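Asks: Below you'll find the structure I mean.
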Amino acid sequence: MSTFAFIFLLFSVTILIIAAFFAAFKKDLLQAVIATSIISLSLAVIFYILQAPDVALTEAAIGVALSTIVFVLTIRNTKRMEE
Amino acid sequence: MNDVFFIVIMSMLVLAGVIAAIRFVKGPTAADRVVAMDNISVIIIATLVFVAYFFQRYIYIDVSLVYAVLGFIGILTIARYLEGGI
Amino acid sequence: METILNYLGYFFVSIGAVFLVLGAFGILRMPDFYTRIQAGTKSSTLGAMSFIFGVGLLEPAWFIKTLVIVVFIAISNPISSHALARGAYKSHHQPYLKDGVDAYKEVENQKEVKL
């Protein structure tokens, strides 16, 4: 692995940690779902840099499309704000 | 030529990603954060294609293709939820 | 021929990277939601299309697949931005009006009168 790939890996891990804190501590659940989508995005980038493109492809398909739809439907049927 | 070009373009893309991530942290409403997420995903599609060119792996482009096809479905769902007609 | 294609690819990739950075700056600096989405979608769509097309010129064996990605970005990114702006207007985001004219509201009122 070259040096620049390592720096890029470090950058995307930083983005992942920021988004994870955001998803854990936000009261508005819709914004937490958006942060979950960011987590899945940067996780796919990490798999990609570590040379596993098939895992990254599956993570992209499930994390971006399917889990967002399921979470938004759940929020629609319950409440948006957390007490 | 090729290495210098790669480093300059990659640092520009990382700069764009950092700026969009600042808007994602700052943005007051949910819609602002969705716009920031959309922009970050477009930047990541471009970055993955460029890294595939640098590593010379043809198979790596498929990840970017899946993002370009499926990336807008989640945003469309959130927009329908904000509109109130899902 | 080879070098001309390479220089053309470098040119397109550089233009795309500049437009992506400018789109990100527009998202950071604009005053309200609608101007932000305008800066983000226009500039970053053009930037990503030019960038990926340039990579396809740099590596001519990949040209077909990069062209497919370009077409999908050109279709999907404006659709999602349009739906998002409409949803934000319906959920009572107030636009920043310099001269006080809200054209979308007037069009909606005319529709109600006709019906």
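Asks: Need at least 1 residues that are at the interface with chain B (Cβ under 10 Å from one of its Cβ atoms) and of a type in the set (Asp, Glu) per element, so show me which helices (runs of 4 or more DSSP H) inside segment A:1-63 make the cut, counting only ones lying wholly within it.
Replies: In segment A:1-63, the matching helices (runs of 4 or more DSSP H) lie at A:53-60.
Asks: Check C:Ala103 against each of (1) touching a helix residue (DSSP H, G or I) at 6+ places or on another chain (Cβ under 9 Å); (2) without any contact (Cβ under 8 Å) to a residue 24 or more places away in the chain and name the one condition it does not meet.
Replies: Failed condition: (1).
Asks: Restricting attention to segment A:21-65, and to residues there that are hydrophobic (A, V, I, L, M, F, W, C), surrounded by fewer than 16 Cβ atoms within 10 Å (Cβ to Cβ) and under 14 Å from the mean Cα position of the chain (by Cα), which single residue is farthest from B:Val42 (Cα to Cα)?
Replies: Taking the candidates together, the pick is A:Ala24.
Asks: On to the next question. Can you name the number of the only condition in (1) surrounded by 12 or more Cβ atoms within 10 Å (Cβ to Cβ); (2) closer than 30 Å to A:Arg80 by Cβ; (3) within 11 Å of chain B (Cβ to nearest Cβ) that C:Ile73 fails?
Replies: Result: C:Ile73 fails condition (2) only.
Asks: Being more than 7 Å from every other protein chain (Cβ to nearest Cβ), crowded, with 20+ Cβ neighbours inside 10 Å and not hydroxyl-bearing (Ser, Thr, Tyr) is the filter here; which residues of segment C:17-51 pass it?
Replies: Selection gives C:Phe19, C:Gly26, C:Ala39, C:Gly47, C:Met49.
Asks: Against the definition (in contact (Cβ under 8 Å) with a residue 40 or more places away in the chain and crowded, with 23+ Cβ neighbours inside 10 Å), how does B:Ala31 come out, yes or no?
Replies: yes
Asks: I would also like to ask the following. Does segment B:57-66 include one or more residues that are part of a helix (DSSP H, G or I), over 22 Å from C:Ile69 (Cα atoms), β-branched (Val, Ile, Thr) and at the interface with another protein chain (Cβ under 7 Å from one of its Cβ atoms)?
Replies: Checking segment B:57-66: not a single residue is part of a helix (DSSP H, G or I), over 22 Å from C:Ile69 (Cα atoms), β-branched (Val, Ile, Thr) and at the interface with another protein chain (Cβ under 7 Å from one of its Cβ atoms).
Asks: Can you name every residue in segment B:67-81 that is crowded, with 24+ Cβ neighbours inside 10 Å, farther than 20 Å from C:Ala48 by Cα and within 9 Å of chain A (Cβ to nearest Cβ)?
Replies: If the condition is that a residue be crowded, with 24+ Cβ neighbours inside 10 Å, farther than 20 Å from C:Ala48 by Cα and within 9 Å of chain A (Cβ to nearest Cβ), then B:Ile78 is the only one that fits.
Asks: Is one or more of the residues making up segment B:9-26 assigned to a helix (DSSP H, G or I), within 24 Å of A:Ile18 (Cα to Cα), touching a residue at least 24 places away in the same chain (Cβ under 8 Å) and more than 9 Å from chain A (Cβ to nearest Cβ)?
Replies: yes
Asks: Something else: Against the condition under 14 Å from the mean Cα position of the chain (by Cα) and either in contact (Cβ under 8 Å) with a residue 12 or more places away in the chain or in a helix (DSSP H, G or I) (or both), how does B:Leu76 come out, does it pass?
Replies: No.
Asks: Within segment C:59-90, which residues are among the small types (Gly, Ala, Ser) and either in a loop (DSSP other than H, G, I, E, B) or closer than 30 Å to C:Gly9 by Cα (or both)?
Replies: C:Ala61, C:Ala74, C:Ser76, C:Ser80, C:Ser81
Asks: Another question, if that's okay. Considering only residues of segment C:52-65 that are at the interface with chain B (Cβ under 7 Å from one of its Cβ atoms) and of a type in the set (Val, Ile, Thr), which is surrounded by the fewest Cβ atoms within 10 Å (Cβ to Cβ)?
Replies: Among those residues, the one meeting the criterion is C:Val55.
Asks: Based on what the data block shows, is C:Ser14 under 15 Å from B:Val42 (Cβ atoms), small (Gly, Ala, Ser) and crowded, with 17+ Cβ neighbours inside 10 Å?
Replies: no
Asks: Ok, one more. Which one of these does C:His93 not meet: (1) facing chain B (nearest Cβ under 9 Å); (2) surrounded by fewer than 20 Cβ atoms within 10 Å (Cβ to Cβ); (3) part of a helix (DSSP H, G or I)?
Replies: (3) is the only condition that C:His93 fails.
Asks: Being closer than 14 Å to B:Gly17 by Cβ and of a type outside the set (A, V, I, L, M) narrows it down to one residue among C:Gly16, C:Gly26, C:Gly40, C:Gly9; which is it?
Replies: C:Gly40
Asks: Another question about this same structure. Return the total of residues in segment B:35-56 being assigned to a helix (DSSP H, G or I) and at positive phi.
Replies: Adding up the residues that qualify gives 0.
No value in this document is a laboratory result; all are computed from the given coordinates. Here the structure is a predicted model, which is why all the values come from computation and not from measurement. Ideal geometry is used to build each Cβ from the backbone, glycine not excepted, and the neighbour counts take in all protein chains shown.
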